[in-house]
Amino acid sequence: MKPTTHPTTVDVADLPPVVRWSRALRALARVMANPEETDQVLVFSNLANAGRHRSDRLNYFYDDPRGARLFAEKRTLDSKTVDLDALEQLPEGTLGHAYAKFMKAHGLTPDVFDGSPDDVHDERVAYVIQRMRQTHDLWHVVTHCETDPAGEIALQAFTFAQVKAPSSAILAALGTLRTLRFTRDVFRDARALYRRGLTAQPLVLFPWEDHWSTPLTEVRRLLGLPEVPRLTGGYTAELLQQAA
């Protein structure tokens, strides 16, 4: 991956805080109005996470030999490196098979996150953001979080516990508050996944590509997660539709 220049864009880190947060809040308002606007989730996350503590999170990744290796090898999970049909042919119960089944069941493809963010010019920062985006669905698989609002909220709580990204804390908190009037299970699930994230191994540093053929239960054990976790989420989409 060669350093990329973006002559027509401004790096989010160079924006004045007032401008950066005003843009972030506009994106967040759109997300709260329509959680399906995943592009606005990415916009909000980039803006919210570009503050003064970004270097701490960056050092957390690159000071660890596992993170340094991922960057040195330019590991990517995209349409060029992931063949869902081939992964689905792996034995049932392996990480690769479970990932392929999850992606196909939810109508997802690795194409979604091809390329690094064009509003982040630092190659090292852009790589971590890209890695987080490209492995997000694998986090769903190993935590057994569904993709409905409850599952996503719980996974954001887990993500905040893992990497301390402000965007994850805000999305988890606001999402929980938004759904509390329908069910308190969302708060229960978010709290449980936050606690789980504190004790688990850092998922952002895990070399997923090396473990497609590894049993999913073994991958979870390596990550310090329950080998057979209960399903989190899967119940709020219908509730929100009924209330609309």
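The values are calculated or read from the model by the stated rules, or taken from the named source; none is laboratory data. All values derive from a computational prediction rather than experimental measurement. Ideal geometry is used to build each Cβ from the backbone, glycine not excepted, and the neighbour counts take in all protein chains shown.
Quick one: in the range 61-87, of everything that is surrounded by 14 or more Cβ atoms within 10 Å (Cβ to Cβ) and in a loop (DSSP other than H, G, I, E, B), which residue is modelled with the lowest pLDDT?
Per the criteria, the residue is SER79.
Need pairs with beta-carbon distance below 6 Å; first residue modelled with pLDDT of 95 or more and within the range 23-35, second among the aliphatic types (A, V, I, L, M); sequence gap 6+ or separate chains.
Going by the 6 Å Cβ cut-off, the qualifying pairs are ARG23/LEU47; ALA24/LEU47; ALA24/ALA48; ALA27/VAL43.
Sort out which residues of the range 88-106 are touching a helix residue (DSSP H, G or I) at 6+ places or on another chain (Cβ under 9 Å) and assigned to a helix (DSSP H, G or I), and write them in order of number. First the steps, then the outcome.
At the first step, the residues of the range 88-106 found to be touching a helix residue (DSSP H, G or I) at 6+ places or on another chain (Cβ under 9 Å) are 88-104, 106.
Those that are touching a helix residue (DSSP H, G or I) at 6+ places or on another chain (Cβ under 9 Å) and assigned to a helix (DSSP H, G or I): GLU88, LEU95, GLY96, HIS97, ALA98, TYR99, ALA100, LYS101, PHE102, MET103, LYS104.
Just to check your reading of the model, which residue among ALA157, ALA105 is under 17 Å from ALA48 (Cβ atoms) and at pLDDT 95 or above?
Only one candidate qualifies: ALA157.
Pick from the range 187-210 the residues that are aliphatic (A, V, I, L, M) and touching a Leu at 6+ places or on another chain (Cβ under 8 Å): which of them is farthest from ARG57 (Cα to Cα)?
Per the stated criteria, the residue is LEU193.
Inside the range 156-185, can you point out the residues that are assigned to a helix (DSSP H, G or I), surrounded by fewer than 22 Cβ atoms within 10 Å (Cβ to Cβ) and of a type in the set (Phe, Trp, Tyr)?
none
When you go through GLY151, GLY107, GLY93 one by one, which is the residue that is surrounded by fewer than 19 Cβ atoms within 10 Å (Cβ to Cβ) and touching a strand residue (DSSP E or B) at 6+ places or on another chain (Cβ under 8 Å)?
GLY93
Need pairs with beta-carbon distance below 6 Å; first residue more than 16 Å from THR9 (Cα to Cα) and within the range 105-119, second of a type in the set (D, E, K, R) and at pLDDT 80 or above; sequence gap 6+ or separate chains.
PRO110/ASP78; PHE113/ARG133; ASP114/ASP78
Name the pairs whose Cβ atoms lie under 9 Å apart, with the first residue in the range 142-161 and at positive phi, the second crowded, with 24+ Cβ neighbours inside 10 Å and assigned to a helix (DSSP H, G or I), and 6 or more positions between them or separate chains?
HIS144/GLY151
If only one of VAL125, VAL112 is within 14 Å of the chain's Cα centre (by Cα), within 24 Å of VAL31 (Cβ to Cβ), at pLDDT below 95 and in a helix (DSSP H, G or I), which one is it? Break it down stepwise before answering.
Values: VAL125 fails: within 14 Å of the chain's Cα centre (by Cα).
The match here is VAL112.
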